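A short write-up of the structure that comes next.
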Amino acid sequence: MRLKLLSHVRKTLAFRLTLWYSAIFILSSMILFTVSYLFLSSLVRDNRKVIQSKLMEYLSLAREGGFQAIENAAGDAQHARRRNTFFVRVIGRDNRTVFLSTPQLWERFDAKPLEDRPVAGEWWYFPAKRGGDVLEVTFAYLPNGDLLEVGKDIEDRDEILEQLRQTIVGVMIPMILIGLAGGAILAHRALRPIRNLVHTMQSVVDTGRMDARVPIGRSGDELDELVHLFNRMLERIETLINGMREALDNVAHDLRTPMTRLRGIAEMALRSDSSRQHEQKEALADCLEESDRVITLLNTLMDISEAETGTMKLDLATINISDLIEEIVELYEHVAEDKHIAVSFSCPKNIWVSADRNRMRQVLANLLDNALKYTNDEGTVAIDAYEQDSQIVIRVRDNGAGIPPAEISKIWDRLHRGDTSRSQPGLGLGLSLVSAVVQAHGGRIGVQSEPGGGSVFTLYLPSIPTPVG
């Protein structure tokens with residue numbers, strides 16, 4: 001069990017991020033310590049170069065100005081900062097000290113004159129009487145034979161570097177722990193949106209409810225953008241699923257009525273006397289009518305699907321919009337007269353489009369049928385068409401009941417009806433077919449409406465030049 005848990009943890013993104021964060025932090029610390037160690041080591045070893053440089057400087061002064069020049073230069077250096085002062089001593093041939101700079105500073109070192117005169121350039125070390133300091137000295141001979149000693153105090157190199165190594169080792173253990181803890185905290189915070197996303201997805205899978213949403217953070221980074229897109233995807237899926245459920249309910253409702261009537265009519269025809277042929281013919285006619293209604297519903301659904309997927313076959317031809325509108329108005333003339341609705345249209349004679357005539361007739365017929373259906377008696381319906389910005393604009397206006405704002409975005413959905421009781425005749429596919437066919441022709445359609453203020457459906461189609469002849 002523990003091995004499975006460990007294997008699972010090792011495969012998680014949080015574990016890998018923790019390792020990466022920690023490795024980068026620990027590696028950076030180690031590089032910093034290594035560079036510091038090397039720099040200090042180099043600095044300690046460069047102490048000889050500084051002493052040799054000062055020795056050569058004093059030799060040059062002695063050649064130019066004699067012993068007095070060394071005394072003056074060493075006297076000026078007495079006022080320099082502590083870490084910049086040098087041990088300077090001149091010993092005569094009789095092994096007596098002729099000159100010693102800053103005796104108070106160097107008296108803590110056991111720097112007695114050597115019994116045997118050293119070789120020029122040789123290095124000697126004089127330890128401090130108390131403490132771990134060391135005085136590093138080199139030698140040179142002046143022109144008059146006096147011995148010039150120049151040195152500088154340093155702590156013991158090995159002791160310094162050993163203490164630094166111990167410090168690094170002592171600090172690295174807490175640094176590793178801090179790196180691991182910090183990496184875990186950073187990984188935990190960075191992956192919070194992912195955990196919320198996984199939790200929400202698991203909730204959707206377990207419960208099937210699409211109303212769950214992932215909390216969005218305030219950082220505005222890529223993970224928050226991912227969460228925002230995921231929430232939008234859930235909203236879209238929820239809308240589609242609800243639409244599918246509603247469409248299936250509507251299809252079931254619309255098919256149940258004609259199928260029930262078909263069954264009833266067939267049963268009555270079977271029970272009737274065979275001598276009553278007239279009634280049987282009427283029953284068959286009713287069956288055909290209800291069958292046509294079902295077939296029309298299914299064919300319209302297939303037409304919409306083909307138009308939306310771009311597989312609808314269009315028999316394109318050059319059409320005069322004015323003639324087509326006039327034809328549709330004449331077709332619905334009797335329907336308008338029955339409701340005492342005044343239908344008018346205004347369209348120039350020379351407006352042409354490239355379209356499928358039958359499909360475009362369906363579009364205009366559905367728009368006019370909707371306008372007449374939802375306009376009260378004694379109302380008005382107007383159709384206008386004109387050319388604007390290389391487009392043909394067709395508007396169908398009515399002063400009917402209008403569309404509630406909440407319904408405007410739904411009227412293009414399949415089988416949607418503003419009449420929820422579904423008492424009005426129709427399939428609820430007219431506007432869906434209109435939108436799909438218009439898009440298949442490379443156009444678009446929009447609507448403006450207010451409850452009680454009527455509706456205006458505006459259709460835009462690409463225009464073509466007026467045909468010659």
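So how exposed is ASP315, as accessible area in Å² (1.4 Å probe, rounded to 10)?
Accessible area, nearest 10 Å²: 110 Å².
How much FRET efficiency would the formula 1/(1 + (r/R0)^6) give for ARG93 and TRP20, where r is the Cβ-Cβ distance and R0 is 60 Å, rounded to 0.05?
0.25
For the pair ASP146 and SER203, how long in nm is the line joining their label points, each one 7 Å along Cα→Cβ?
Roughly 9.3 nm, to one decimal.
With r as the distance between the Cβ atoms of TYR386 and ASN358 and R0 = 30 Å, compute the FRET efficiency 1/(1 + (r/R0)^6) and round to 0.05.
E(calc), rounded to 0.05, equals 0.80.
Place a point 7 Å from Cα of GLU162 in the direction of its Cβ. Which residues in the range 128-150 have their backbone N less than 14 Å from it?
Zone members listed by number: 132-133.
If DNA, RNA and ligands are ignored and the probe is 1.4 Å, what is the ranking of GLU387, GLU57 by accessible area, most exposed first?
The residues order as GLU387, GLU57, largest area first.
Which parts of the range 194-227 would a label at ILE237 reach, counting a residue when its backbone N lies under 12 Å from a point 7 Å out along Cα-to-Cβ?
198, 200-214
What is the gain in length, in nm to one decimal, between LYS129 and ASP292 on full extension, counting 0.36 nm per residue of separation less the C-alpha to C-alpha distance?
That pair, LYS129 and ASP292, stretches by 46.7 nm at full extension.
The values are calculated or read from the model by the stated rules, or taken from the named source; none is laboratory data. Please read these numbers as outputs of a predicted model, since none were measured by experiment. All Cβ positions, even for glycine, are placed from backbone atoms using ideal geometry, and neighbour counts span all protein chains on display. Just the protein is used for accessible areas: all its heavy atoms, side chains included, with ligands, DNA and RNA removed. Shrake-Rupley method; radii C 1.70, N 1.55, O 1.52, S 1.80 Å.
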